[in-house]
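Q: Have a look at the structure that comes next, please.
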Amino acid sequence: MNPKCDIALIGLAVMGQNLVLNMSDHGYRVAVYNRTVSKVDQFLNSSAKGKNNICGTYSIEELVNSLTSPRKIVLMVKAGEVVDNFINLLLPHLDEGDLIIDGGNSLFSDTTRRVEELASQGILFIGTGVSGGEEGARNGPSIMPGGNSEAWPLVKEIFQAISAKVDDGTPCCDWVGDGGSGHYVKMVHNGIEYGDLQMISEAYDLLYSGLKLNHDEMYTIFDEWNRGELDSYLIEITRDIMGYKEEDGKPLLTKILDRAGQKGSGKWTGINSLELGVPVTLISEAVYARSLSSLKEERLEASKILAGVERVVDGNREEIIEDLRQALYASKIVSYAQGYMLLREAAQEYNWHLNYGSIAQMWREGCIIRSVFLEKIKEAYEANSGLKNLLLDDFFASALKESQGGWRRTVGRAVAAGIPMPAISAALAFYDGYRSATLPANLIQAQRDYFGAHTYERTDRPAGQFFHTNWTGEGGDVASTTYEV
Ligand code: 6PG
């Protein structure tokens, strides 16, 4: 009889297969199963061929019976109902103390529910973010596990072994916290990914349609940017995309339809930020920018009707490019600051004890947003774990001071040339709002009180006292109730 397996994985799509191979490389014995069982043999006869620590199974029962106790079963299946369906299929075969791990991009609130429901049946549950795409899964992803904390010791060694590592060998995987916190952190990661992609695309737009640079020139710019403060996976792949030409010698990028897809995690971040009242403006703009891009036919029509200006950016090319680099860097700082504001509020709202430095460490390598920049975020939180806002950290405050000139000039140029920069300009608007001791919200309060007797607080009276004025002398003196959502 074959020895029992250390862990099982259900769902042999590309991420699942690569995670299995990664675990196998690290010496773990892995049982695999797929709903379309023919995929099991396909896998065993292709990339898993010759790996005798990968064991094919052909039913849920066989899979469960092939495992050592307590059993550890990873689901790499489509988020949503499919996860619940597999949990239900597994449950009759599991014993108390067994562990189910959902490694898909599940909505955090589903994970919170699953942790609770399964705990009441004696089954442990982890919802984990896994980032890094196909290559990451194979060679070392960033792994963000959260859920039932009793489960962490059961998989800590395996997860940390297969995860990406930073230079000093620290794994990009640590326990995030209770309930759906692991998937929440992955959701914010994806939101930040949306923001990064959008900002880089805006920079490309200015270089390409504003400065009329060709793809080889843009390759060189992204290559240079990747050697400095912007050093990151996404700048690196953007450089490579600029350099990718088809057989006819033309850049493939020019032939790709400008309609961005989305699977939902950016939207979830935006929705959650509205629910928690956190101004995560850059990510939300990035989601809306994808929605706007998808209105291709309407945009084509509008382009013939609506007036604009010629998309030309004039001036010293080197200066414009350096300003743009600064704009990208400053906006990126704002985007991550907003992401961390959301994490802080979520920790409060959902009662999680998040370690912000450790989250930066988990994102430092392996994942899609990996960058040198995350090291600075880690350092900021290590120096002050109670840091109210990343923008207030000395390093980031002075980085913004140094780059704000180029940032402002870039937004000005883009506006003048009719080049949309929703993310970069939203970041600047946020920065200017956040650093303002006074905002025109006094007028909003006056207007609300004028038309709806919604009351206002006064600067010459203690906060928390509410006043109503009969602005026209005609309305009543009765104030509406004060409540805040
Ligand atoms: C990752 C990615 C991964 C995926 C996104 C894409 O961390 O490996 O974030 O999860 O690329 O889900 O999302 P969209 O299809 O919505 O862009």
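The values are calculated or read from the model by the stated rules, or taken from the named source; none is laboratory data. Just so it is clear, the model here is predicted, and its values are computed rather than measured. So basically every Cβ, Gly included, is an ideal-geometry build from the backbone, and we count neighbours across all protein chains shown. Accessible surface is based on the protein model in full, side chains and every heavy atom, while ligands, DNA and RNA are left aside. Shrake-Rupley method; radii C 1.70, N 1.55, O 1.52, S 1.80 Å.
Q: Just checking, does region 329-338 include any residue being of a type outside the set (D, E, K, R), within 16 Å of the ligand (Cβ to nearest atom) and closer than 30 Å to V115 by Cβ?
A: The answer is yes, given that some residue of region 329-338 is of a type outside the set (D, E, K, R), within 16 Å of the ligand (Cβ to nearest atom) and closer than 30 Å to V115 by Cβ.
Q: Another question, then. From N355, N384, N351, which residue is within 19 Å of V166 (Cβ to Cβ), away from the ligand (no atom under 16 Å from the Cβ) and open to solvent by 30 Å² or more (accessible area, probe 1.4 Å)?
A: N355
Q: Can you pull out the residues in region 253-271 that are within 8 Å of the ligand (Cβ to nearest atom) and over 15 Å from the mean Cα position of the chain (by Cα)?
A: Across region 253-271, the qualifying residues are A260, G261.
Q: Would you confirm whether any residue within region 243-256 is in contact with a helix residue (DSSP H, G or I) (Cβ under 6 Å, 6 or more places away or on another chain) and under 24 Å from V372 (Cα atoms)?
A: Scanning region 243-256 turns up at least one residue that is in contact with a helix residue (DSSP H, G or I) (Cβ under 6 Å, 6 or more places away or on another chain) and under 24 Å from V372 (Cα atoms).
Q: Still on this structure, please answer the following. Looking only at region 92-115, which residues are open to solvent by 40 Å² or more (accessible area, probe 1.4 Å) and over 22 Å from G270 (Cβ atoms)?
A: P92, H93, D95, E96
Q: Please note which helices (runs of 4 or more DSSP H) are completely contained in region 50-152 and include at least 3 residues that are within 28 Å of T170 (Cβ to Cβ).
A: The qualifying helices (runs of 4 or more DSSP H) are 108-119, 133-139.
Q: Can you tell me which condition D205 does not meet? The list is (1) out of contact with any helix residue (DSSP H, G or I) (no Cβ under 6 Å at 6 or more places or on another chain); (2) under 20 Å from M76 (Cα atoms); (3) open to solvent by 30 Å² or more (accessible area, probe 1.4 Å); (4) not basic (K, R), and all the others hold.
A: Going through the list (1) out of contact with any helix residue (DSSP H, G or I) (no Cβ under 6 Å at 6 or more places or on another chain); (2) under 20 Å from M76 (Cα atoms); (3) open to solvent by 30 Å² or more (accessible area, probe 1.4 Å); (4) not basic (K, R), D205 breaks only (2).
Q: Give me the residue from region 140-153 that is small (G, A, S) and either in contact with a helix residue (DSSP H, G or I) (Cβ under 9 Å, 6 or more places away or on another chain) or open to solvent by less than 10 Å² (accessible area, probe 1.4 Å) (or both) and, out of that set, nearest to the ligand (Cβ to nearest atom).
A: Ranking the qualifying residues of region 140-153, first place goes to S142.
Q: Moving on to the next point. Name every residue in region 119-139 that is more than 10 Å from the ligand (Cβ to nearest atom) and open to solvent by 10 Å² or more (accessible area, probe 1.4 Å), in order of residue number.
A: Passing the criteria: A119, S120, Q121, G122, L124, R138, N139.
Q: Moving to a separate point now. Within region 330-346, track down each residue that is open to solvent by 10 Å² or more (accessible area, probe 1.4 Å) and touching a residue at least 60 places away in the same chain (Cβ under 8 Å).
A: Residues satisfying the conditions are K332, M341, E345.
Q: Here's another thing I want to ask about it. What pairs can you find where one residue is in region 41-67 and farther than 18 Å from F86 by Cβ, the other is open to solvent by 20 Å² or more (accessible area, probe 1.4 Å) and aromatic (F, W, Y), and their Cβ atoms are less than 8 Å apart, with a gap of 6+ or different chains?
A: N53/Y28
Q: Looking only at region 14-56, how many residues end up being among the hydrophobic types (A, V, I, L, M, F, W, C) and surrounded by fewer than 14 Cβ atoms within 10 Å (Cβ to Cβ)?
A: 1
Q: Shifting gears a bit: Looking at (1) within 16 Å of the ligand (Cβ to nearest atom); (2) crowded, with 21+ Cβ neighbours inside 10 Å; (3) closer than 24 Å to S24 by Cβ, can you tell me which one Y194 breaks?
A: Of (1) within 16 Å of the ligand (Cβ to nearest atom); (2) crowded, with 21+ Cβ neighbours inside 10 Å; (3) closer than 24 Å to S24 by Cβ, only one is false for Y194: (3).
Q: Could you check region 165-186 and list, in sequence order, the residues that are within 16 Å of the ligand (Cβ to nearest atom) and not in a loop (DSSP other than H, G, I, E, B)?
A: C173, G182, H183, Y184, V185, K186
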